[in-house]
Amino acid sequence: MVEVSLLRKQFSTEQETVKALRGISFSVPEGQLVTLLGPSGCGKTTTLRCVAGLERPDSGMIRIGERVVYSSESKQFDPPEWRPVGMVFQSYAIWPHMTVFDNVAYPLRGRGVGKTRIVQEVHRVLSLVGLAELADRPSPQLSGGQQQRVAVARALVANPSVLLLDEPLSNLDAKLRQHMRLEIRELQKRSGITAIYVTHDQEEAMAVSDQILFMVDGEIVEGGPPQEIYRKPQKKLTAEFFGEANFVRGRIKAQEGDRVVVETPLGTLSCAGQNKSVGQEAYVFFRPEDAEVVREPPCRRASLPGHVARVTFLGKTVECLLELENGVTLKASVHPKFRPRQAETVHLVVNPDACSVVTD
Amino acid sequence: MVGREAVLALRDIAWRAPFKRVNWGPVVLALTSAVVLYLVLVPLVVALVATFREHGYLPFEPGPLTFRNYAYVFLDATTWTLMVNTGLFAAGSLVLGMAFAILFGWLVERSDMPLRNLTFALVIAPMIIPGMMVAIAWIFLLDPRIGLINLMLRWIPGWETDRGPLDIYTLGGMIFVEGFRMVPTMFLMISAAFRNMDPSLEEASRVAGKSGLATVSRITLPLMRPAMLAALLYFFIRAIEVFEVPGVLGLNAGIHVFSTRIYWSVHPAAGGLPDYGLASTFSLILVAVSAFSVWLYYRLTRKTYVTVTGKGFRPQRVRLGRMKYLAGLLFLAYFAVTLVLPFFVLLWTSLHKFYLPPSWEGLRSMTLASYGELLKDPGVILAAFNTILLALLTGTMTMLIALFVGWFVVRSRYRLTRALDLFAFLPHALPTVVIALAVMLLYLSFPNPIYGTIVAISIALTTSYIAYGSRVMIAGFHQIHPELEEASRVSGANFFRTFWRVLLPLSAPAFINGWIWVAVHAGRELTAALMLFSPSSVVVSTKVWALWEQGRVSVASALGVVLMMMLILISWAGRSAMTRMRAF
């Protein structure tokens, strides 16, 4: 497992000082893949590089397995080569002057691993990533996807305690990216290795992770399993980052168990939410796909009447911008078969269980 | 499908072998800085101390301190003459060189002139003739009594004199030779700037309705101003410190510039004693002037860091029309004046027992006697051996230091790095003649086996070339993606292994490029060698100088021709090593 606590790091240039990490803490349980997700400049890559030892934090503590590899208290800093990590870089960093075999064998050399053992291990990881027959190929002759696999093989060959992946798919084209993210997830599950994954793509994060930590401005905003963080986020920022979102502004009236009662222009709503303080300004949040649009008002469920203000055809779905009678606008995605028309009057139905309460 | 056990097979790998417990990065940084500091700063301090010593005293000998050197230098009228001479010489050759470099750079990079690749090669080809040989060749061509061109000019009715009409032993003569000598390197700098300029800036001007020539004057040249200013400053420093041309042409005529004056103080004419104090004080002025220019240059090149846009773009070329024949003629004239004529006259002289103006009769008296004399002279064999040793040693030492300097400057974020960057740049401000003087004083000051050997010359040259070498390596490391070496560290390789297995192979093209430049320059270098050589450490350039001083012009020419062949051989060897490296 990996434990990071109160990690701080700032970069100083002549003009300004940038606080890259503002005291972040998290831990990665053994065998899990945790993703650091966030917009560019949020400090996710810096965090990963601190774990690898490529960046020296200003303060805090980093533990990999049993070993403390960095601690500002005891003034300990292990350089990267002492840390039991494997890393896949954004550019793959496949050495162009070596063959595939030499690239993958590199971490084993100079560590007292015998020659025959090296050959064995390299072939084992190469077959693991499906490149066994390319061992003798000069690395500049590899395609993007193959380079990616070599990079993964090289990161795994010396059996590190943690695998670090820094935007490993951002240099691939969209199709290959979707394929490779499944492959990486598969490999990680199969090998049971602990991994930290960095990306700015929320879809990719949801596809590969056990846990996602959402970072903004050098801080972890919140974290959780993909399902939960997508559907029931705590913060408005998170809800927005993960995809299209509807927010209805309101004020918290009461906390009843794990439900929160919020007063909104649409009326008083009760939705899922925890640890909210009464009186606080908040938003009722739901995803466009959780909203149902119908032409006739349903009899047994509450619905909100409104008209279609804009229709955007997206292929799989059609996104409708609805203007409700009291001036609130909301987005809803509907099936293309529904064929919404501009200015048509419709009714919006939202399941309260799909809503949650988020704060700024 | 391979199971989980396969990946977990290697539980026994040692993640931290006990002997790897040192983090070598900072250690190597400290060592590199110490070496650079020793090479650059220590000799300067020694030279500074020398300015306060009486005539006849070494810097650290016990004895009185004095301000007499300063009094002499700053109160004597000849210092003023020296300044005027140096200033005129530098300004004149800069104007001449720059005019041709800009014109050629523009023609090759921005006009539709034919045979541009060939022209490019023709412009830089004259670099192969060492400065001293160029000066000697021009004596054969423009000596007021026997110069070939003068002899031909005298056929013109009205000029039938027995002297002149042209005289190479003048400030104008020196400017003429030095100015043309600057063109190749200046041209390289200027044409690179032309090439790196984003052509869409010019295209935007064309689209806005301006003609090709209006675009050149309103867009191209103003954009080039920083690059041209940088080239100008760089060559100003070179012009005030250059020794070869003023040494060959000016010393006899009594036209002194700073560099020859310093040399003259250490090697006075008739049996005088060397005056280190005076030489050091003159050096101080020279260093002050060039340090100021270097500071300007550093600021200029830092601020206007040229961003190279994508390769392979096609800039709009200005149509020359009939002017292209004129341009072609200009290149031919330049090539004849800077390479064909000097080389021919050197070769001709080397093939005769005495200097003899070229003629049809002269063809019959051609002989290889001078080359035979070279082979018989044991001093020449030693000099050739020493020259090769000097080239190899200096190239390797300089580029090894530059390798580490370059890496630290580009990659590391230690505070020491910026100081290292500055100190590695500082030798730009140190004229070779000053470095040589300082090295001489340093190794005279305490007993050591280095003084008077090739190593002493090599140390002086290494100091001088560190600045160039580290720029090359810095540019080289900028081209290597930092993740390539980070991947090595994360793979468990320490500093040295990363350097050896990843950085060295990847930066080899830059390293070899720099190595060739340094080795070739060290092999032809005259100034430091002349200041520092002893009978056992003669090199070819000092041997040519000595032969020339003795009046054995044919043998000197022959050795000059041999030297050029040796230099071509060294750079050919380096280039072929380079192509082999490109194989991967």
Going by the conditions given, is residue B:300 part of a helix (DSSP H, G or I), in contact (Cβ under 8 Å) with a residue 24 or more places away in the chain and of a type outside the set (Phe, Trp, Tyr)? yes
Mind checking whether some residue in segment B:511-521 is of a type outside the set (Val, Ile, Thr), within 18 Å of the chain's Cα centre (by Cα) and within 14 Å of another protein chain (Cβ to nearest Cβ)? yes
Search result, residues across segment B:422-440 that are surrounded by fewer than 24 Cβ atoms within 10 Å (Cβ to Cβ), aliphatic (A, V, I, L, M) and touching a Leu at 6+ places or on another chain (Cβ under 9 Å): B:426
Just a yes or no: is a residue in segment A:135-144 away from chain B (no Cβ under 14 Å) and aliphatic (A, V, I, L, M)? yes
If I filter segment A:119-134 down to residues being under 12 Å from residue A:149 (Cβ atoms) and within 12 Å of another protein chain (Cβ to nearest Cβ), which single residue comes out as surrounded by the fewest Cβ atoms within 10 Å (Cβ to Cβ)? A:130
The residue from A:64, A:94 that alone is aliphatic (A, V, I, L, M), in contact with a helix residue (DSSP H, G or I) (Cβ under 6 Å, 6 or more places away or on another chain) and within 11 Å of chain B (Cβ to nearest Cβ) is A:94
Just wondering, is there one or more residues in segment B:537-554 that are within 24 Å of the chain's Cα centre (by Cα), of a type in the set (D, E, K, R), buried (at least 24 other Cβ atoms within 10 Å of the Cβ) and not in a helix (DSSP H, G or I)? no
Evaluate segment B:153-171: report whether one residue or more is part of a helix (DSSP H, G or I) and within 30 Å of residue B:562 (Cβ to Cβ). no
Is it the case that segment A:175-194 has a residue that's crowded, with 21+ Cβ neighbours inside 10 Å, assigned to a loop (DSSP other than H, G, I, E, B) and hydrophobic (A, V, I, L, M, F, W, C)? yes
Look at residue B:119 and say whether it is polar (S, T, N, Q), at pLDDT below 80 and either closer than 15 Å to residue B:335 by Cα or out of contact with any Gly (no Cβ under 8 Å at 6 or more places or on another chain) (or both). no
Any pair with Cβ under 9 angstrom, 6 or more apart, that starts in segment B:271-295 at a residue that is without any contact (Cβ under 8 Å) to a residue 12 or more places away in the chain and ends at one that is of a type outside the set (Gly, Ala, Ser): B:274/B:266; B:274/B:267; B:274/B:268
Just for helices (runs of 4 or more DSSP H) wholly inside segment B:379-497: which have at least 3 residues that are free of Cβ contacts under 8 Å to residues at least 24 places away in the same chain and within 14 Å of chain A (Cβ to nearest Cβ)? B:482-490
Within segment A:344-360, count every residue that is surrounded by 11 or more Cβ atoms within 10 Å (Cβ to Cβ) and assigned to a loop (DSSP other than H, G, I, E, B). 3
Scan segment A:14-40 residue by residue and report those that are closer than 24 Å to residue A:163 by Cβ and among the aliphatic types (A, V, I, L, M). A:20, A:21, A:24, A:28, A:33, A:34, A:36, A:37
Going by the conditions given, is residue A:116 facing another protein chain (nearest Cβ under 10 Å) and among the hydroxyl-bearing types (Ser, Thr, Tyr)? no
Over segment B:67-95, the set of residues in contact with a helix residue (DSSP H, G or I) (Cβ under 8 Å, 6 or more places away or on another chain) and not in a helix (DSSP H, G or I) is none
All conditions in (1) more than 20 Å from residue A:197 (Cα to Cα); (2) β-branched (Val, Ile, Thr); (3) surrounded by 14 or more Cβ atoms within 10 Å (Cβ to Cβ) are true of residue A:17 except (3)
For residues that are among the β-branched types (Val, Ile, Thr) and under 27 Å from the mean Cα position of the chain (by Cα), scanning just segment B:183-229, find the one that is farthest from residue B:321 (Cα to Cα). B:185
If residue A:115 passes every condition in (1) buried (at least 19 other Cβ atoms within 10 Å of the Cβ); (2) free of Cβ contacts under 8 Å to residues at least 12 places away in the same chain; (3) among the charged types (D, E, K, R) but one, which one does it miss? (1)
Tell me, please, whether a residue that is part of a helix (DSSP H, G or I), of a type outside the set (Gly, Ala, Ser) and within 14 Å of chain B (Cβ to nearest Cβ) can be found in segment A:198-211. no
Test: residue B:508 is part of a helix (DSSP H, G or I) and surrounded by 24 or more Cβ atoms within 10 Å (Cβ to Cβ): no
With within 7 Å of chain B (Cβ to nearest Cβ) and in contact with a strand residue (DSSP E or B) (Cβ under 6 Å, 6 or more places away or on another chain) as the only criterion, which of A:89, A:77 stands out? A:89
If residue A:152 satisfies all but one of (1) within 8 Å of chain B (Cβ to nearest Cβ); (2) within 21 Å of residue B:483 (Cα to Cα), what's the number of the condition it fails? (1)
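The values are calculated or read from the model by the stated rules, or taken from the named source; none is laboratory data. Being a predicted model, the structure only gives us computed values, none of them experimental. Note that each Cβ is placed from the backbone with ideal geometry, even for glycine, and that neighbours are counted across all protein chains shown.
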